[in-house]
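Read through the structure below, which is laid out as structure tokens, and then see the notes.
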There are 2 protein chains.
Amino acid sequence: MRDVAIIGVGMTKFGELWDQNIRDMFAEAALKAMEDAGVKKLDAMYVGAMSSGLYTFQEHIASVMADYIGQVGIPSTRVESACASGGLAVKSAIIEVASGMSDIVLAGGVEKMWDADDGSMILATAADQEYEGFHGVTFPGLYAMMANAYMDRYGLTREELAQVPIKNHKHAINNPNAQYPFPLNLDGVLKSSMVADPLRLMDCSPITDGAAAVIVCPLDRAKEFTNKPIKVKGIGAATGPIALHDHKDLTRLDAVRLAGERAYKMAGVTKDDIDFVEVHDCFSIAEIIVAEELGFFGYGEAGKAIANGQGTYGGRIVINPSGGLKAKGHPVGATGTAQILEAVTQLRGDAGKRQVKDAKIGMTQNMGGSGGSSVVHILEAV
Amino acid sequence: MRDVAIIGVGMTKFGELWDQNIRDMFAEAALKAMEDAGVKKLDAMYVGAMSSGLYTFQEHIASVMADYIGQVGIPSTRVESACASGGLAVKSAIIEVASGMSDIVLAGGVEKMWDADDGSMILATAADQEYEGFHGVTFPGLYAMMANAYMDRYGLTREELAQVPIKNHKHAINNPNAQYPFPLNLDGVLKSSMVADPLRLMDCSPITDGAAAVIVCPLDRAKEFTNKPIKVKGIGAATGPIALHDHKDLTRLDAVRLAGERAYKMAGVTKDDIDFVEVHDCFSIAEIIVAEELGFFGYGEAGKAIANGQGTYGGRIVINPSGGLKAKGHPVGATGTAQILEAVTQLRGDAGKRQVKDAKIGMTQNMGGSGGSSVVHILEAV
């Protein structure tokens with residue numbers, strides 16, 4: 001396999017983008033990434049989108065987007081793995097370049113969520129429709145069960161759990177692309193509407209419109225395009241049980257652990273080499289379990305550690321410097337690509353006030369459903 | 001890039017499968033392919049499905065399927081490119097093996113179409129929603145415009161056009177998995193219901209439930225699994241304009257020509273080396289234009305040539321020995337994988353009464369929308 005580098009990134013602002021349709025958003029992110037890399041012609045592209053069919057009644061979106069960014073003719077493939085679609089699109093692009101099939105490949109993620117009036121039901125298509133969907137369960141309910149099991153077993157308090165979104169909102173203040181770049185305090189979490197006990201509105205990532213894109217090429221060509229190439233050091237993906245009731249343990253996400261192990265192995269690094277991590281905090285409890293599955297904290301320890309400042313600047317590891325899904329926003333198909341963009345921005349040293357000092361190696365973790373899929377990338381400044 | 005071989009294939013019967021849901025169908029095809037290859041453990045898998053969200057309200061289908069065939073834990077990625085989803089899933093699996101990332105990879109396609117009551121509208125999500133969909137155009141109308149333009153320019157008669165489905169039904173009689181394995185005569189076509197002038201019901205591929213799967217591995221390992229490995233000699237994919245009004249010529253499908261050129265180049269063969277071809281005859285006119293874009297006939301010549309027996313046994317080249325989309329059936333996400341299965345079956349010499357004599361090199365051509373995407377594979381018996 002050839003070594004691969006990321007040479008360009010671009011994204012829209014995340015939020016309620018009433019003035020942009022799904023094409024406009026994707027094109028903005030893709031063209032910014034191409035401008036960032038200084039490339040005018042792509043060899044191939046991948047588009048991550050969870051449910052463009054249900055959200056916008058447009059499938060075949062990879063061809064739509066190739067056409068709309070002026071690249072008609074190139075191979076273009078949509079990749080879908082629920083909320084991990086964007087991360088898997090980047091992984092697919094990396095594999096294509098690693099194989100030698102193509103040199104300059106764009107991977108973009110996009111989701112237009114605000115135009116639909118039944119967004120939570122559409123998101124529920126990422127769960128097991130025959131068993132979970134049939135019984136009316138949606139994701140807040142599934143993650144609430146995980147939160148209850150975790151809090152019961154490990155004694156995590158409601159106040160400690162609230163520190164996850166509080167931290168992520170604090171990080172987002174310095175992210176100009178974030179949907180909710182405002183501070184959040186304990187009262188703000190604890191007095192927000194109950195969604196699914198114990199999860200309140202401020203534990204839940206929002207509905208978001210947005211797109212993000214990255215461009216990859218062979219590492220040995222990267223210097224043609226940028227003086228700050230970012231090497232793809234490791235990638236790992238895995239599936240987990242599609243239904244939460246098939247998890248052996250409600251406080252574990254096997255797909256995350258497997259994806260992490262595969263990425264660490266390929267990269268030849270350990271958790272101690274990682275300077276920051278963007279994780280999939282779709283709900284506050286998710287960030288805690290993911291941080292444990294990736295090895296940054298022991299089982300049962302991440303919740304209290306994050307509440308004690310170990311997940312932010314000056315702590316054990318900076319988790320979600322971008323603000324994460326909770327505060328940056330979660331346009332599901334774009335989330336994985338936006339995580340990679342944040343990692344690249346940090347590794348380039350371009351993150352401004354949210355810069356992680358001396359960041360050399362960063363990690364991203366993107367997830368589908370209640371752990372039905374996950375994909376992990378390890379990136380390095382070279 | 002490593003050379004890649006196909007070592008196993010499997011499919012369901014195509015038709016109205018009221019007793020099987022989307023999981024049952026996929027599992028049947030996948031497990032048959034695994035049994036055919038003699039493999040119990042996969043390294044990764046790809047799932048081609050056009051619109052599992054709109055048809056069955058289940059996205060995240062690659063994880064669902066990995067779980068349901070007992071392979072939970074492996075990376076699994078859904079690929080979507082409308083009716084070319086299955087072909088692109090196979091291409092993605094080939095690239096992953098070629099890269100060295102994985103050895104044993106399954107690519108399956110599936111679509112459960114009969115359960116939806118608005119199937120034609122769901123298919124229309126493969127067209128340009130903002131322009132074509134907005135005006136109410138669906139695919140029979142788009143292909144009817146292509147048929148009218150072709151018939152007008154080249155003098156193809158309505159009776160000659162009818163010979164495409166008549167030939168494909170004749171082929172399907174010998175395919176035990178075909179949805180409509182019965183003969184069709186000229187009256188049967190010309191007196192069938194008008195759908196979109198000049199296309200009648202018997203010019204249109206049907207609504208179909210079904211699944212098909214193939215397993216690929218490095219060519220140098222293929223003999224561990226089979227004494228009849230089929231080498232992947234060339235692959236090519238391309239996009240075309242998503243909207244028909246952006247085609248420079250209504251009688252051309254640029255994506256097909258580009259995909260074919262790329263596959264021929266990679267394979268190092270020409271049209272004269274191809275012994276048979278499975279093409280995407282979603283409508284009778286499509287088979288004609290595709291056969292021209294792949295170089296088997298000059299522009300304007302394929303319609304009359306097929307009517308004169310040049311597209312069947314004993315003619316210039318056997319087109320759609322399986323019966324094609326028209327008579328074998330068209331479960332959109334599964335069509336591309338089923339084409340590969342037919343090519344493998346022919347190249348193994350296992351096609352029984354529909355065997356193409358001395359078949360050494362075969363081609364498949366899968367297409368999305370009105371030519372918004374296409375993917376071509378060239379396979380060889382080794």
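The values are calculated or read from the model by the stated rules, or taken from the named source; none is laboratory data. Nothing here was measured: the structure is a model prediction, and the numbers come from that model. So basically every Cβ, Gly included, is an ideal-geometry build from the backbone, and we count neighbours across all protein chains shown.
Taking the stated definitions as given, is B:Met113 under 18 Å from the mean Cα position of the chain (by Cα) and either away from chain A (no Cβ under 12 Å) or of a type in the set (A, V, I, L, M, F, W, C) (or both)? Here the answer is yes, as B:Met113 does meet what is asked.
Only one entry in B:Leu294, B:Leu347, B:Leu325 is over 30 Å from A:Ile61 (Cα atoms) and crowded, with 24+ Cβ neighbours inside 10 Å, namely B:Leu347. Within region A:237-247, the set of residues being in contact with a Leu (Cβ under 7 Å, 6 or more places away or on another chain) and either outside any helix (DSSP H, G or I) or more than 13 Å from every other protein chain (Cβ to nearest Cβ) (or both) comprises A:Ala237, A:Ala238, A:Gly240.
Just one residue in the set B:Gln179, B:Gln163, B:Gln129 is free of Cβ contacts under 8 Å to residues at least 40 places away in the same chain and crowded, with 19+ Cβ neighbours inside 10 Å; that residue is B:Gln129. Before we move on, is B:Ala222 touching a strand residue (DSSP E or B) at 6+ places or on another chain (Cβ under 6 Å), hydrophobic (A, V, I, L, M, F, W, C) and touching a residue at least 24 places away in the same chain (Cβ under 8 Å)? So B:Ala222 passes the test.
None of B:Ala124, B:Ala149 is within 14 Å of chain A (Cβ to nearest Cβ) and either of a type in the set (Gly, Ala, Ser) or closer than 17 Å to A:Thr56 by Cβ (or both) except B:Ala124. On the stretch given as region B:61-87, residues that are at the interface with another protein chain (Cβ under 7 Å from one of its Cβ atoms) and in contact (Cβ under 8 Å) with a residue 12 or more places away in the chain total 13. Residue-level check: of (1) within 11 Å of chain B (Cβ to nearest Cβ); (2) acidic (Asp, Glu); (3) in contact with a Gly (Cβ under 9 Å, 6 or more places away or on another chain), A:Glu96 misses just (3).
Residues that are among the small types (Gly, Ala, Ser) and over 22 Å from A:Leu294 (Cα atoms) were ranked within region A:335-367; the one that is nearest to the chain's Cα centre (by Cα) is A:Ala351. Of all the residues in region A:90-109, those that are surrounded by fewer than 24 Cβ atoms within 10 Å (Cβ to Cβ) and either charged (D, E, K, R) or closer than 12 Å to A:Gly336 by Cα (or both) number 1. Would you confirm whether or not region B:248-270 contains a residue that is within 14 Å of chain A (Cβ to nearest Cβ), surrounded by fewer than 21 Cβ atoms within 10 Å (Cβ to Cβ) and either free of Cβ contacts under 8 Å to residues at least 24 places away in the same chain or aromatic (Phe, Trp, Tyr) (or both)? Yes, the conditions are met somewhere in region B:248-270. Being of a type outside the set (Asp, Glu), modelled with pLDDT of 95 or more and assigned by TED's automatic domain parsing to the domain that holds A:Gly324 is the requirement here; does A:Ala172 meet it? It is true that A:Ala172 is of a type outside the set (Asp, Glu), modelled with pLDDT of 95 or more and assigned by TED's automatic domain parsing to the domain that holds A:Gly324.
The residue that is farthest from the chain's Cα centre (by Cα), counting only those in region A:6-18 that are closer than 25 Å to A:Val232 by Cβ and assigned to a strand (DSSP E or B), is A:Ile7.
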